[in-house]
Amino acid sequence: MRHHETVLQREAVSALNVRPDGRYVDATFGRGGHARAILDILGVEGVLLALDRDPEAIAVAQELMGQDPRVIVVKTPFGALERVMVEKQLRCTVNGVLFDLGVSSPQLDDPVRGFSFMRDGPLDMRMDSETTDSAADWLASATEQQIADVIYRLGEERHSRRIARAIVKARTRMAITRTGQLAEIVKQAHPAWEKHKHPATRTFQAIRMHINNELSELTSALEAAVNNLAVGGRLVVISFHSLEDRIVKKFMAKCSKGDAFPRDVPVTAEQLCPSLKLIGRPIRPATDEVQTNNRARSAVMRVAEKLEARPAVNL
C-alpha cells in the first residue's frame with residue numbers, strides 16, 4: 001500500500017491564514033497531512049478540531065495527536081459539523097475550516113474497503129464501515145431504475161440505463177459481492193470506452209457517492225462552516241469531482257452575493273448582506289505535483305472569507 005500524498009497541502013494551509021492562537025477545523029482528517037501542517041503553525045493557545053467518519057483515519061488521528069492538548073478528535077461525518085460545534089463549544093469562533101473532499105489513497109489502495117475497480121475485494125465502499133448498508137447490499141435490493149438514476153446523476157454516465165440493466169440481469173444469476181464482479185459487468189455492458197479511463201470509473205464513483213450520501217453531507221457542512229466562522233475566518237475547499245466543485249462554487253457565489261432581492265429593488269451591494277468574500281481565483285496543483293501524484297490532476301481549491309454581519313434591509 002502506498003503512502004498517502006496530501007494534495008495542495010502548502011496552498012491550503014496558506015489559504016487558511018493560520019495564526020498561532022486561532023481555532024481551526026480539519027473536516028476531513030484522512031491521514032493528517034493538512035492537520036500536521038496546521039499544527040506546525042499553531043501555538044499553545046491554538047485549537048484544531050479534526051473530524052473524519054472513517055474509523056481507520058480516526059485511529060491514526062488518536063495515535064498521532066491524542067496526547068496533543070491543542071487537538072480535538074471526533075469521529076463523525078462532516079455533515080454533522082453544526083452539532084459538533086455546539087458540543088465542543090466552538091460556535092461562531094472558528095478562524096478556518098478546511099475540506100479535502102473525496103476518498104484518500106489508503107481507502108482506494110486497500111482492496112478490503114471495496115472502493116476501487118483496480119483491485120478485487122469485497123464490494124463495500126462505506127467510508128464508515130460501522131454504519132449503513134454496503135454497496136453490495138444496495139445493489140442487491142435497488143431497482144433497475146434506482147441504479148440507473150444514481151449512475152446517471154452522480155457518475156454523469158450516459159450509458160447508465162444499459163449498465164443498470166446489466167447489473168440487475170447479472171444479480172439474478174449470482175449475488176454481486178466483489179469489486180471485480182461489478183467492474184467486469186460494467187466493462188462488458190459499456191459500449192463506448194473513454195480513452196485512458198476504465199469503463200467502470202463513473203459507475204464506481206456514483207455508487208460510492210450514493211452509499212456515503214456525499215453531496216448532501218457536503219451541502220450541510222458548508223452551511224455549518226459559514227455559520228460558525230468568526231469574522232475574517234477562511235473557508236477552504238479542495239474538490240476532485242465536478243459535482244462537488246459545482247456545489248462549492250455555487251454556494252460560495254451565493255454567499256458572496258448576499259440576499260436575493262428582485263433586480264428592480266434599489267439596494268446597494270453592502271445592503272444585500274453577503275456572508276462571504278471570495279479570495280482569489282480557483283487554485284489547481286502545479287505541474288510538478290501532478291507528475292508526482294497523479295491523483296492531484298483533477299483537484300481544484302476554492303477559498304472564501306467570512307464577512308461581518310450587517311443588519312438586513314427593511315423594504
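At-a-glance table
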item	result
Answer residue from region 67-117, given it is touching a residue at least 60 places away in the same chain (Cβ under 8 Å) and of a type in the set (Asp, Glu) and is surrounded by the most Cβ atoms within 10 Å (Cβ to Cβ) among those	100
Candidates 139, 182, 229, 222 - the one that is within 20 Å of residue 53 (Cβ to Cβ) and surrounded by 15 or more Cβ atoms within 10 Å (Cβ to Cβ)	222
Count - residues of region 187-204 that are part of a helix (DSSP H, G or I), without any contact (Cβ under 8 Å) to a residue 40 or more places away in the chain and among the hydrophobic types (A, V, I, L, M, F, W, C)	1
Residue 64 without any contact (Cβ under 8 Å) to a residue 60 or more places away in the chain and farther than 27 Å from residue 294 by Cβ	no
Complete set of residues in region 115-130 that are closer than 21 Å to residue 199 by Cβ and either under 18 Å from the mean Cα position of the chain (by Cα) or assigned by TED's automatic domain parsing to the domain that holds residue 176 (or both)	115, 116, 125
Scan of region 112-141 for residues that are hydrophobic (A, V, I, L, M, F, W, C) and closer than 24 Å to residue 247 by Cβ, ordered by number	115, 125, 127, 135, 138
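The values are calculated or read from the model by the stated rules, or taken from the named source; none is laboratory data. Not measured: the values here are computed from a predicted model. Using ideal geometry, Cβ is built from the backbone for each residue, glycine included, and neighbour counts are taken over all protein chains shown.
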